[in-house]
Amino acid sequence: MKLNGLHHITAIASDPRKNVEFYTRVLGLRFVKKSVNQDDPGTYHLYYGDYTGSPGTILTFFPWSGLRRGRPGTGQAYATGYSIPAAAVAYWTKRLSNLGVTTEPLSDRLGDKVITLFDPDGLRLELIATAEVDAREPAPSDDVPREHAIRGFHSSTIGLISADETARVLTATMGYRETATEGHRTRYAVGAGGPGTYVDLLTDPNLPRGLNGAGTIHHVAFSTGTDASQDEAHREIEASGLHVSPIIDRAYFKSIYYREPGGVLFEIATDEPGFAIDEPVETLGQRLGLPPRLEPYREQIEAALPKLN
Ligand code: ZN
C-alpha cells in the first residue's frame with residue numbers, strides 16, 4: 001500500500017474552550033475546523049493544523065466537558081511529537097515556562113533535543129527540535145514567530161508491552177521501514193521519510209498501562225493520496241487478517257479503521273477533499289462544519305454546543 005506518513009491524530013479532551021486557547025494561542029496552530037462528533041453531534045470535533053490543514057499537521061479533539069482524565073501508557077499512542085527548528089529550543093523552553101505550561105526536563109533522542117509538555121488535560125506532547133530538513137510552512141500566528149513555529153507532526157510514539165506484532169503490521173502491511181533504534185525506542189518511516197512520517201515504538205518497562213479518558217489519544221491516522229490508493233490499502237489490511245472497517249466518508253477525507261495488535265486504533269485517511277470543501281481557506285474554523293445528513297439540524301446543534309469564546 002502507499003502511505004505518505006501521518007495524516008491526523010485524534011485525542012480526547014474535556015473543556016473545549018481551554019483546548020482552543022491552548023492549541024491556538026500557546027502552540028500557535030491554526031484552528032482549521034470547528035465540526036461535531038459525527039457519532040455524538042452534541043459535542044465538538046475540533047481540528048488544529050497549518051494554514052490549510054495539510055495532512056501531517058492536523059491534531060483533532062473530541063472534547064467532553066467534565067470528562068475524567070485518562071493516563072497515557074501502553075496500548076496507546078503515548079506521545080505526539082511536533083517538529084520545531086533545531087534553534088527553537090530556548091524560545092519554547094522560555095515561552096512554556098512563562099505561560100505556566102507543565103513540562104519535563106529537556107531530553108535527548110536520536111540526536112535531537114525534545115521538550116515534553118502537557119496540554120490542559122494532561123495530553124503528552126513533544127516539541128522535537130530536529131536537525132533534519134523540514135521545509136513545511138508553519139501556520140501564521142500572532143503569538144509565535146515564524147522562525148520558531150511548529151512545522152507539523154514529527155512522530156507518534158506508540159507505547160507497547162511488546163513491539164513485535166505492531167512492528168510486523170507496520171513493515172509487512174503498511175510499508176514502513178525501520179530507520180533507527182535507541183534504548184527501548186525503535187523508529188519507523190514511510191514514503192519520503194523525515195518529520196511527519198515517523199512512528200516510534202516504545203517498550204519502556206516503566207510505562208504504565210494506558211487508561212482512556214481526557215488527555216489521551218483516541219487514534220492515529222495515516223495519509224494516503226486518493227480513493228484508489230485507499231481501496232488498495234483496504235484490500236491489503238483485510239488480506240493481512242486484521243479486521244478493517246468499511247470506507248467511511250468523513251466529509252474532509254475518507255477513512256478506514258483497524259486496531260493494530262498492540263491495541264492502538266489506526267486509521268488510513270485520504271488527502272482529498274480537505275478542509276476547504278465547506279468554507280473558504282481564508283476563514284477556516286469559523287463556520288460550524290456539518291456533514292450533509294446533519295445540515296437540516298444546524299440550528300438545534302449550534303444552540304446546544306458550548307460557546308468557544
Ligand atoms: Zn480520524
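Things worth noting here:
- What you get for the chain, charging only the Cβ of Lys and Arg (+1) and of Asp and Glu (-1), is a dipole of about 720 debye around the Cα centre.
- Residue order, fewest to most beta carbons within 10 Å, for Ile277, Ile247: Ile277, Ile247
- Cα gyration tensor shape for region 124-273, rounded if a/c is under 1.5, else prolate or oblate: oblate
- Debye log10 I(q)/I(0) at q = 0.14, 0.18, 0.23 Å⁻¹ for region 58-161, Cα point scatterers: -0.58, -0.95, -1.42
- Listed from fewest to most Cβ neighbours within 10 Å, the set Lys33, Lys307 follows the order Lys307, Lys33.
- Among Val144, Val133, Val190: highest mean-square fluctuation, GNM of the chain, C-alpha pairs under 10 Å: Val133
- Candidates Pro138, Pro205, Pro292, ranked by Gaussian network fluctuation over the chain, Cα under 10 Å, top entry: Pro292
- Cα-based equivalent ellipsoid of region 202-309: semi-axis lengths in Å, sorted from largest, via gyration tensor: 30, 22, 13
- Convex hull volume per residue for the chain, taking Cα atoms only, in Å³: 123
- Burial ordering of Arg293, Arg69, fewest other beta-carbon atoms within 10 Å first: Arg293, Arg69
- Using only side-chain charges placed at the Cβ, +1 for Lys and Arg and -1 for Asp and Glu, the dipole size of region 17-69 relative to its Cα centre rounds to 240 debye.
- For region 39-98 versus region 112-159, the inter-centroid distance based on Cα atoms is 9 Å.
- Of Leu117, Leu67, Leu29, the residue with the greatest mean-square motion in the GNM of the chain, using alpha carbon springs below 10 Å, is Leu67.
- Beta bridges per DSSP with both ends in region 5-304, % antiparallel, nearest 5: 65
- Pairs of lysines in the chain (C-alpha under 30 Å apart; 8 or more residues apart or interchain): 16
- Considering only beta bridges that DSSP places wholly inside region 188-309, some 65 percent are antiparallel.
- With the charge dipole of region 5-304 set up from +1 on Lys and Arg Cβ and -1 on Asp and Glu Cβ about the Cα centre, the Cα lying farthest toward the positive end among the listed residues Val199, Gly274, Leu294 is that of Val199.
Where a number appears in this text, it was derived from the coordinates with a stated rule and is not lab data. Everything quoted here is computed from the prediction, not taken from an experiment. Glycine also receives a Cβ, built like all others from the backbone with ideal geometry; neighbour counts cover every protein chain displayed.
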